[in-house]
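The values are calculated or read from the model by the stated rules, or taken from the named source; none is laboratory data. Everything numeric in this text was worked out from a predicted model, so none of it was measured. Positions of Cβ are generated from backbone atoms using ideal geometry, with glycine treated the same way; all protein chains shown enter the neighbour counts.
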Amino acid sequence: MTVTGPATGSPYPPKSFLLCSPDHFDVTFEINPWMTTERRPDRDKSWLEWNALVAGLRSAGATVHHFPSLPGLSDMVFPTDVGVVTAKRFVRARFRHPERSNEAEHGAAWLLEHGFTEIPWPDDPALYLEGGDVVRFGDVLLCGTGPRTSPAAAEHLSRVLGVEVVAVPIVDPRFYHLDMSFCPLDDRRALYAPAVWDVEGQRAVEKLVPEPLIISVDEALTFSANSVVVGRTVVMPACPPRIRTTLEDWGFTVLLSPVEEFLKAGGGIRCMALDLDLLGRA
Ligand code: ARG
């Protein structure tokens, strides 16, 4: 089902997301430091949190599409990772862990059925790319590298999308995707935790973002950076008070949408909402 987004005349780019319902959500393997098969998500709570997130994104003005998962695809509730989508084209993920590799096919099938065109990969099996590592800031893409995405994939993205891609090497395994430590707010501002990147990445981001909201590792551990922005609303799984104060001073509204069950798999809101036009402009 689809609900139309912002009213005409909105000054902000329209936002469309694809979410995957938690029909088959579970923690059945451990591929990041957050996951343990000893602590499984509760089915009813997962549905409540997921439905609230869909409603929250829509109330903020986004268009939300959703599709069901398949049996066995227990991490499919994080469709952001299935690829990089912009201007009706997409680059399919190449997952680092075989446990997730079938998700790329399922996500791509939805995109192809809905009129998106696939940009093929060069035939190089050594490349990895997961969508959670790719974040937009202004006209540039930032690409986390190391735990999940290969530096060569960042170069490939730049070539095929014709945009500058800045690689940000991640050194703290708890923040294995860049979207766990960097959240763009608008063309001048972003919230981020530089302590989890190497020095080269820190310098690159410092040069790029005129007005940063630098957060500590502890603040990032709440998944506060794993948020999405719709107009001036920041839809967040958690928001420590200091972060909220700055966001509100800057004119943003914080919409909290807790996703505790999904955090058990190491994913938050940005992982759950695939941006269907990452580089989109109004
Ligand atoms: N369990 C998933 C994994 O380890 C979580 C994905 C989080 N996604 C994200 N975009 N940060 O791959």
Scanning for something in contact with a Cys (Cβ under 7 Å, 6 or more places away or on another chain), surrounded by fewer than 24 Cβ atoms within 10 Å (Cβ to Cβ) and part of a strand (DSSP E or B), does the range 254-264 turn up at least one residue? yes
Would you check which residues across the range 234-282 are modelled with pLDDT of 95 or more and basic (Lys, Arg) and list them? Arg242, Arg244, Lys264, Arg270
If we keep just the residues of the range 175-200 that are crowded, with 22+ Cβ neighbours inside 10 Å and more than 15 Å from Ile215 (Cα to Cα), which is nearest to the ligand (Cβ to nearest atom)? His177
Which one of Glu99, Glu103 is assigned to a helix (DSSP H, G or I) and surrounded by fewer than 18 Cβ atoms within 10 Å (Cβ to Cβ)? Glu99
Any residue at all in the range 153-174 that is within 12 Å of the ligand (Cβ to nearest atom) and in a helix (DSSP H, G or I)? yes
With respect to Trp110, is the statement that it is modelled with pLDDT under 95, away from the ligand (no atom under 16 Å from the Cβ), under 24 Å from Leu73 (Cβ atoms) and in contact with a strand residue (DSSP E or B) (Cβ under 9 Å, 6 or more places away or on another chain) true? no
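Yes/no per residue for (1) more than 23 Å from Leu263 (Cβ to Cβ); (2) in contact with a helix residue (DSSP H, G or I) (Cβ under 8 Å, 6 or more places away or on another chain); (3) free of Cβ contacts under 8 Å to residues at least 12 places away in the same chain:
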position	(1), (2), (3)
Val140	yes, yes, no
Thr145	yes, yes, no
Ala154	yes, no, no
Arg174	no, yes, no
Arg188	yes, no, no
Ala193	no, yes, no
Trp197	no, yes, no
Ile215	no, yes, no
Thr222	no, no, no
Looking at (1) more than 14 Å from the ligand (Cβ to nearest atom); (2) surrounded by fewer than 24 Cβ atoms within 10 Å (Cβ to Cβ), which one does Pro147 not meet, given that it meets all the others? (1)
Does any residue of the range 6-25 turn out to be within 11 Å of the ligand (Cβ to nearest atom), more than 28 Å from Phe137 (Cβ to Cβ) and touching a Pro at 6+ places or on another chain (Cβ under 9 Å)? yes
